[in-house]
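The values are calculated or read from the model by the stated rules, or taken from the named source; none is laboratory data. Predicted model only: the values in this text are computed from it and were never measured. Neighbour counts run over all protein chains shown; Cβ positions are idealised from the backbone, glycine included.
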Amino acid sequence: MKNQFSGLQRLASTGFTLIELMVAVAIVAILAAVALPSYSNYVMRGRIPQATNNLATMRVKLEQYFQDNRTYIGACAAGTVAPLPTSDDFTYTCPTLTATTYTVQAAGTGKMSGFTYTIDQENTKTTTAVPAGWGTAPIACWVTKKGGVC
């Protein structure tokens, strides 16, 4: 009889207790709370090269436009060698466009709002706006990491 009771006791003690399960859930929640902001930051940093690459490409196209036309006026338009790029994360504009100078701007939209990058005819790269925690704008380079790191 004693052997049957010990066998039942063994069956009853298999599995997890509610306390063990709650501790495991708490540990997963803490890890997620630490990892999620880091992952979001990683994803955001991964979208920044899209803007900087498009601005650098736009600079080359504007210089080509200038070589062909001896002016920047009329560039940044569809149908030219220097049309503005399109993107889901950034809006591109040419706020300054004169015969001898230009500024191309990439302003973040959606998850990238708060970022604004510019480039001009002298290849001056500037970050004119960044979200909170990314530094203090303007910064005389293109910020790619928190703290104003270029």
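Laid out as a table, the results:
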quantity	calculated
Residues of the stretch 85-119 satisfying the condition of being of a type outside the set (S, T, Y), surrounded by fewer than 17 Cβ atoms within 10 Å (Cβ to Cβ), touching a residue at least 24 places away in the same chain (Cβ under 8 Å) and not in a loop (DSSP other than H, G, I, E, B)	K111
Where S13 falls short, out of the listed (1) loosely packed, with under 10 Cβ neighbours inside 10 Å; (2) modelled with pLDDT of 95 or more	(2)
Check on T93, β-branched (V, I, T) and either closer than 14 Å to T52 by Cα or within 16 Å of the chain's Cα centre (by Cα) (or both)	yes
For T100: the one exception among (1) polar (S, T, N, Q); (2) modelled with pLDDT of 95 or more; (3) within 17 Å of N53 (Cα to Cα)	(3)
